[in-house]
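J.: Okay, here's the structure, questions in a sec.
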There are 2 protein chains.
Amino acid sequence: MEKKTAIAVFESLSSGLRLDVYRLLVKKGMEGMVAGEIASTLHIPPTNLSFHLKALTQAGLLSVAQEGRFQRYQANIPLMLDLIAYLTNECCAGHPEQCLPQCADTVIPFFSSTPVSSGR
Amino acid sequence: MEKKTAIAVFESLSSGLRLDVYRLLVKKGMEGMVAGEIASTLHIPPTNLSFHLKALTQAGLLSVAQEGRFQRYQANIPLMLDLIAYLTNECCAGHPEQCLPQCADTVIPFFSSTPVSSGR
DNA sequence: TCATTATTTCAACTTGTGTTGTATTATCAA
DNA sequence: TTGATAATACAACACAAGTTGAAATAATGA
């Protein structure tokens with residue numbers, strides 16, 4: 001993962017409103033939700049929601065597909081697993097057993113959907 | 001994990017400078033670094049670094065211990081694992097195999113240092 | 001075609017964040 | 001006590017982000 005990607009993810013989820021949207025879509029899984037459904041569930045004005053959906057989508061946290069005049073949004077969950085791999089990579093100077101359960105260095109990269117690299 | 005904790009973590013790491021500081025300390029592990037050492041490594045004015053160290057510490061991402069007139073900072077790595085547990089908890093309406101490797105629902109909570117809850 | 005619905009774009013305002021220099025607190029060594 | 005060093009607190013400025021209402025775009029159904 002590139003540093004700019006990690007920053008984009010953190011920026012996106014640093015808003016309580018966007019965090020609500022993302023977590024709602026994580027729960028919905030592959031089914032996703034259309035924009036209006038999200039707006040009514042979370043009681044957000046459509047104008048404002050559109051602003052935040054755009055931010056989340058540009059950060060890669062959501063994907064969107066058109067369905068007639070609806071826009072259906074889905075959470076991109078593997079990106080979160082890439083993120084923690086990026087953060088805990090090289091932890092403790094290559095000795096993650098100092099800070100994490102012993103298998104962390106093998107299991108966390110396993111969850112990542114892309115090869116682990118320092119990515120600075 | 002509480003929602004406000006998650007937001008504090010995301011806010012903290014949404015700055016490229018703070019992300020550099022955190023990742024540097026993750027690599028150092030238990031050894032940590034004193035503030036001046038971080039400042040010279042990353043070429044940040046001490047005044048500015050102090051501002052960001054305070055933000056990271058208040059978010060719980062760093063811990064600090066006094067050593068004479070030095071302040072030694074350490075990364076709180078388990079907090080990151082709690083965070084991803086918080087985010088992927090209840091994913092896909094309780095069927096994480098739809099979006100993650102099949103063992104995700106058991107392994108990710110295992111890494112968490114605190115019990116998993118919806119924590120809204 | 002024409003009215004309706006879903007969503008986004010735009011402009012304006014308000015608020016919050018990041019950076020810097022100066023001043024302050026606290027510790028150490030002589 | 002005095003001078004030097006490590007780090008933080010404070011104030012000021014520039015810049016970016018969040019919210020809202022009105023208008024625009026685009027697809028649907030009568």
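J.: Kindly report, to the nearest 10 Å², the accessible surface of A:M30 as traced by a 1.4 Å probe over protein heavy atoms only.
T.: 100
J.: Where in the stretch B:18-48 does the label zone of B:F70 land, with the point 7 angstrom along Cα→C-beta and an amide N cut-off under 13 Å?
T.: B:31-40, by backbone N distance to the label point.
J.: Go ahead and run the numbers for FRET between A:L24 and B:L17, Cβ-Cβ distance against an R0 of 35 Å, rounding to 0.05.
T.: Result of the calculation: an efficiency of 0.65.
J.: Peptide A:29-41: average number of partner chain Cβ atoms within 10 Å per residue?
T.: 1
J.: Once fully extended, how much extra length lies between A:A35 and A:T57, figured as 0.36 nm per residue of separation less the alpha-carbon to alpha-carbon distance?
T.: This chain segment gains 6.7 nm when fully extended.
J.: Using a 10 Å cut-off around each Cβ of peptide B:16-27, what is the average number of partner chain Cβ atoms that fall inside?
T.: Partner-chain Cβ atoms within 10 Å, mean over residues of B:16-27: 4.
J.: Sticking with this structure for a sec: Other chains' Cβ within 10 Å of B:84-94 residues: what's the mean?
T.: Partner-chain Cβ atoms within 10 Å, mean over residues of B:84-94: 6.
J.: Let me ask something else. Rg/Rh for the stretch A:1-80: what does it come to with C-alpha atoms and Rh from Kirkwood?
T.: 0.95
J.: Show me the trypsin sites (Lys or Arg not before Pro) within the stretch A:1-81 that DSSP assigns to loop and that have at most 13 other Cβ atoms within 10 Å of their Cβ.
T.: Sparse-neighbourhood loop trypsin sites (Lys or Arg not before Pro): A:R69.
J.: Also: How high is the relative contact order of the stretch A:3-75? Use alpha-carbon pairs under 8 Å, at least six apart in sequence, and give a whole percent.
T.: 38
The values are calculated or read from the model by the stated rules, or taken from the named source; none is laboratory data. As the structure is a prediction and not an experimental result, all values here were calculated from the model. Virtual Cβ from ideal backbone geometry, glycine too; neighbours counted across all protein chains shown. The area values use the complete protein model at the heavy-atom level, side chains included, leaving out ligands, DNA and RNA. Shrake-Rupley method; radii C 1.70, N 1.55, O 1.52, S 1.80 Å.
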